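A.B. asks: I have a structure here, written as structure tokens, and I will follow up with some questions on it.
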Amino acid sequence: MTEVAAPWSGIVLAGRLQRGGGALLRFARGQPLGAAGMLIVLLFILAAAGARFIAPFDPLTPDYAAMMTPPSLSHWFGTDDFGRDILSRIIFGARTAMLVGFVASFAGATLGLVIGVASAYFKGWVDSTIQRLLDVFMSFPLIVLALAIVSVFGSGVNNVIVAITIPMVPRCARVVRSSALVLREVPYVDAARALGFSHSRIVFRHMLPNVVAPYLIMLTSFMGQAILLEASLSFLGLGVQEPTPAWGLMLQGGAEQYAESAPWMPIFPGLAITASVFAFNLFGDALRDVLDPKLRV
Amino acid sequence: MLRYVIRRVLLMIPTLLGVAVLIFILMRLIPGDIVEIRFAGEGGGVTEEMMAQERSRLGLDQSLVWQFVHWIVGIARFDFGISMWTGQPISYEIGLRFGLSLQIAIMATLLATLLAIPLGTLSALKQDTLIDYAVRVFSIAGLATPSFWLGILMILGFLIFFQWMPPIRYTPIWVDPVANLTQLIWPALATGYRYSAVATRMTRSAVLEVLREDHVRTARAKGLRERIVLVRHAVKNALLPIITVIGLEFAFLLGGLVVTEQVFNLNGIGLLFVKAVGNHDYTMVQALVMLVAMVFIVTNLVVDILYAWIDPRVYYR
């Protein structure tokens, strides 16, 4: 009698890792740009996670003896108008950006996924009611709806996350619904209905797994947008508040005022925003090419 | 066609009504009373009486339904009410600034379209060559660069290399076109970069798809010149999705202007919006969000009508 390896045993785990590694390698070979993007994203995540250990200075303590010093060996990216080290603030700012980026896009895309599939599955008046509601939400540019929400709930990290999540939901729901509509007519969904499975079982077990491709594509495209949106809101003074380090916030106030005499103040935080969004988009594009090249986001 | 247009215009009404309800509810969700928040900054000198007076001046002592109906009836007559901050009619405040924002939006759209269609087509034609990679990187970078940062860099560059700054005072284009353009071309470029990036990507993918179709192969096989194949057979058929994206982004431009106007210190709709949010000027926020939604819905309608004009296959019921 052969022994079946338990799912947690070393052999199975090693096998899984190998298969996962193989898929990663194939992705890297087929989509070099996407792999590069993924690498940069990983670097930003590492910087965010290990900010305390990597950052050379404390991001919050002002140093009035070293105000607006140009980039040097001790302060690679220079210091701001409070003498705070810009590199350290960028590293800690990655925390805010990654937190908002991941939480908002994950929440937005997932809510959109559930709403989109449910809308397609139930058809009829449920579908048309949901669609009209989504129409209403889609009538606003992302930042306008986000600003309106911030004006109601106030600023701060948590409210910014809510303000960014809400406008993303209908955008994902739209795309997912159109994929799920096709799926609804597929024989195995009919079969599941004929077997008398509950609505939630059909939606969650039979339909959701098959719209993962558009979901993942929307999710990755949201991440870059969420980071940009957070930076814009913070830049306007309506997002993350001082003294929390955030990239958009670092471009505001002193950075604009002293731009001519201390150009490193606006240049480096902006580079951080651009680089991270660029990386997310490269990765997202590659993922789309692999999963569903026809989908346009 | 006319019947279709009429039907679409009528269909706009429920969406707009939904938008109005949404904004109205959103503004009533504000924790605490609008008047309390407005007076919060003024310290202890505010009496109950003053607050009650302010409430009745703003119509907040009436029932919610009455407030909503009053507001909607006003909007139907393009009367958005009175700004809670300046005390001026909102239509007047918006009227002052609308021209400037509209001009930037139109300039950015022209820039983006002129750049996107040739670049995207070129990229599709030379797929997987160095040119294609360059265009793709250029357009992904456009999606990633915040327009406000680009604006800051532009101003910084002018200051450092030319000791020059774009003029601060706004001159209408019919008064002095040169002064007007030297001021507004930069924000148009800053917002237009992202716009052109989105449109370039769409052009590339649409042209790539059409190039693989049979009629393009036939056109080439019968010996038509490549230029004719490209313009008449490929790009013309790829135009539909490109127009959609240009139309959609036009409406979104108003959102992009929110940040760009701040950088260039332009007194437009975007700056008005940011100030209204900062000042808790709720009637103004309400009106501006409504206005943006209206522009968006109308733009969508225009795009759909353009469809019929470009592609006779599109069938309307």
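A.B. asks: Could you list, in sequence order, the residues of region A:135-192 that are within 11 Å of chain B (Cβ to nearest Cβ), assigned to a helix (DSSP H, G or I), under 22 Å from residue B:12 (Cβ atoms) and not aliphatic (A, V, I, L, M)?
C.D. replies: A:135, A:137, A:167 - these are the residues of region A:135-192 that are within 11 Å of chain B (Cβ to nearest Cβ), assigned to a helix (DSSP H, G or I), under 22 Å from residue B:12 (Cβ atoms) and not aliphatic (A, V, I, L, M).
A.B. asks: Scan A:163, A:173, A:192 and give me the residue that is open to solvent by less than 50 Å² (accessible area, probe 1.4 Å) and within 15 Å of the chain's Cα centre (by Cα).
C.D. replies: Answer to the check: A:163.
A.B. asks: Moving to a separate point now. Read through the list (1) at pLDDT below 90; (2) surrounded by fewer than 19 Cβ atoms within 10 Å (Cβ to Cβ); (3) touching a Gly at 6+ places or on another chain (Cβ under 8 Å), then give the number of the only condition that residue B:96 fails.
C.D. replies: Unmet condition: (3).
A.B. asks: So, in region B:275-287, how many residues would count as being crowded, with 21+ Cβ neighbours inside 10 Å and under 14 Å from residue A:238 (Cβ atoms)?
C.D. replies: Residues flagged as crowded, with 21+ Cβ neighbours inside 10 Å and under 14 Å from residue A:238 (Cβ atoms) within region B:275-287 amount to 4.
A.B. asks: Does region B:71-92 include one or more residues that are in a helix (DSSP H, G or I), open to solvent by 30 Å² or more (accessible area, probe 1.4 Å) and in contact with a Phe, Trp or Tyr (Cβ under 6 Å, 6 or more places away or on another chain)?
C.D. replies: Yes - at least one qualifying residue is present in region B:71-92.
A.B. asks: Next question, about the same structure. How many residues does region B:240-264 hold that are within 8 Å of another protein chain (Cβ to nearest Cβ), in contact with a Phe, Trp or Tyr (Cβ under 9 Å, 6 or more places away or on another chain) and open to solvent by 20 Å² or more (accessible area, probe 1.4 Å)?
C.D. replies: Total satisfying the criteria: 4.
A.B. asks: Output the residues belonging to region B:171-196 that are in contact with a helix residue (DSSP H, G or I) (Cβ under 6 Å, 6 or more places away or on another chain) and of a type in the set (Phe, Trp, Tyr).
C.D. replies: If the condition is that a residue be in contact with a helix residue (DSSP H, G or I) (Cβ under 6 Å, 6 or more places away or on another chain) and of a type in the set (Phe, Trp, Tyr), then B:186, B:193, B:195 are the ones that fit.
A.B. asks: Can you find a residue in region B:276-291 that is within 24 Å of residue B:12 (Cβ to Cβ) and touching a strand residue (DSSP E or B) at 6+ places or on another chain (Cβ under 8 Å)?
C.D. replies: yes
A.B. asks: Failed condition for residue B:164, given (1) over 16 Å from residue B:261 (Cα atoms); (2) part of a helix (DSSP H, G or I), with all others met?
C.D. replies: Going through (1) over 16 Å from residue B:261 (Cα atoms); (2) part of a helix (DSSP H, G or I) one by one, residue B:164 breaks only (2).
A.B. asks: Return the only residue of B:163, B:183 being farther than 22 Å from residue A:270 by Cα and open to solvent by 10 Å² or more (accessible area, probe 1.4 Å).
C.D. replies: Of the residues listed, the single one that is farther than 22 Å from residue A:270 by Cα and open to solvent by 10 Å² or more (accessible area, probe 1.4 Å) is B:163.
A.B. asks: From B:300, B:267, which residue is under 26 Å from residue A:233 (Cβ atoms), more than 14 Å from chain A (Cβ to nearest Cβ), open to solvent by 40 Å² or more (accessible area, probe 1.4 Å) and modelled with pLDDT of 80 or more?
C.D. replies: One residue alone meets the criteria, B:267.
A.B. asks: List pairs: first in region A:247-276 and without any contact (Cβ under 8 Å) to a residue 12 or more places away in the chain, second crowded, with 20+ Cβ neighbours inside 10 Å and of a type in the set (S, T, N, Q), Cβ under 8 Å, 6+ apart or cross-chain?
C.D. replies: Cβ pairs passing all conditions: A:274/B:145.
A.B. asks: Report, by residue number, each residue of region A:217-242 that is open to solvent by less than 20 Å² (accessible area, probe 1.4 Å), in a helix (DSSP H, G or I) and either within 11 Å of chain B (Cβ to nearest Cβ) or over 30 Å from residue A:121 (Cβ atoms) (or both).
C.D. replies: The answer is A:224, A:227, A:229, A:230, A:231, A:232, A:233, A:234, A:235.
A.B. asks: Still on this structure: Filter region A:248-263 for residues that are more than 10 Å from chain B (Cβ to nearest Cβ) and part of a helix (DSSP H, G or I); which is surrounded by the fewest Cβ atoms within 10 Å (Cβ to Cβ)?
C.D. replies: Among them, the one singled out is A:257.
A.B. asks: So for region B:110-127 (the condition being in the same structural domain as residue B:282 (by TED's automatic domain parsing), more than 18 Å from the chain's Cα centre (by Cα), part of a helix (DSSP H, G or I) and among the β-branched types (Val, Ile, Thr)), does at least one residue qualify?
C.D. replies: Among the residues of region B:110-127, at least one is in the same structural domain as residue B:282 (by TED's automatic domain parsing), more than 18 Å from the chain's Cα centre (by Cα), part of a helix (DSSP H, G or I) and among the β-branched types (Val, Ile, Thr), which makes the answer yes.
A.B. asks: Here's another thing I want to ask about it. Need the failing condition index for residue B:133 against (1) within 14 Å of chain A (Cβ to nearest Cβ); (2) open to solvent by 40 Å² or more (accessible area, probe 1.4 Å); (3) touching a Gly at 6+ places or on another chain (Cβ under 9 Å), just the number.
C.D. replies: (3)
A.B. asks: Within region A:95-134, track down each residue that is over 20 Å from residue A:273 (Cα atoms) and either among the aromatic types (Phe, Trp, Tyr) or within 12 Å of another protein chain (Cβ to nearest Cβ) (or both).
C.D. replies: Selection gives A:121, A:122, A:125, A:128, A:129, A:131, A:132, A:133, A:134.
A.B. asks: Additional query: Hey, any hits in region A:274-287 for a residue that's more than 11 Å from chain B (Cβ to nearest Cβ) and open to solvent by 20 Å² or more (accessible area, probe 1.4 Å)?
C.D. replies: yes
A.B. asks: All but one of (1) under 26 Å from residue A:150 (Cα atoms); (2) away from every other protein chain (no Cβ under 14 Å) hold for residue A:201; which doesn't?
C.D. replies: With (1) under 26 Å from residue A:150 (Cα atoms); (2) away from every other protein chain (no Cβ under 14 Å) applied to residue A:201, the lone miss is (1).
A.B. asks: When you go through A:209, A:214, A:266, A:245 one by one, which is the residue that is surrounded by 22 or more Cβ atoms within 10 Å (Cβ to Cβ), assigned to a helix (DSSP H, G or I), more than 14 Å from chain B (Cβ to nearest Cβ) and not aliphatic (A, V, I, L, M)?
C.D. replies: Sole residue among the options that is surrounded by 22 or more Cβ atoms within 10 Å (Cβ to Cβ), assigned to a helix (DSSP H, G or I), more than 14 Å from chain B (Cβ to nearest Cβ) and not aliphatic (A, V, I, L, M): A:214.
The values are calculated or read from the model by the stated rules, or taken from the named source; none is laboratory data. These numbers come from a predicted model, not from an experiment. Here Cβ is always computed from backbone atoms with ideal geometry, including for glycine, and neighbour counts include all displayed protein chains. Please note that ligands, DNA and RNA were not included when accessible areas were found on the heavy atoms of the full protein model with its side chains. Shrake-Rupley method; radii C 1.70, N 1.55, O 1.52, S 1.80 Å.
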